[in-house]
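Since every read-out is calculated from the coordinates, none of them should be taken as a lab result. The model shown is predicted, which means the values in this text are computed figures rather than measured ones. Here the Cβ positions follow ideal geometry from the backbone for every residue, glycine too, while neighbour counts run over all protein chains shown.
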Amino acid sequence: MSLGAGIFLFVIGAILRFALNVSPGWIDLALVGNILMGAGVVVVILGIVLLLRKRRSSVTTRVDADPTTGQAYNRTERSDDLDV
């Protein structure tokens, strides 16, 4: 999601910066385009960093016995931790 949003911001900024020949007096479209392109690059970089984070998960399986019936059963526990 963030990669697409970053690319979208960059494209809109490039259109405002390079493709439009309109010059309204109350806003500088080139500056707005530069800001959007910069924000798009930042969002793409953050998206890549978040995609490359490693996840560490461990699964523990224990065999327990039911105290009332004495029947054995497996208990599986999973823990997901972010590798920081």
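The table below lists the values:
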{"quantity": "Net length gained if the chain between Glu77 and Ala30 were fully extended (0.36 nm per residue, minus Cα distance)", "calculated": "11.4 nm"}
{"quantity": "For peptides 11-22, 28-39, sequence by mean Cβ density within 10 Å, most packed first", "calculated": "28-39, 11-22"}
{"quantity": "Relative contact order %, the chain, counting alpha carbon pairs below 8 Å whose residues are six or more apart", "calculated": "28 percent"}
{"quantity": "Prolate/oblate/rounded label for the stretch 2-52 (Cα gyration tensor, a/c 1.5)", "calculated": "prolate"}
{"quantity": "Size of charge dipole - the chain - debye, nearest 20, with Cβ of Lys, Arg +1 and Asp, Glu -1, no other charges", "calculated": "180 debye"}
{"quantity": "Leu3-Asp64 FRET efficiency (beta carbon distance; Förster radius 41 Å; 0.05 resolution)", "calculated": "0.35"}
{"quantity": "The chain: calculated mean residue ellipticity at 222 nm from DSSP helix runs of at least 4, using -39500 (n - 2.57)", "calculated": "-15000 deg cm²/dmol"}
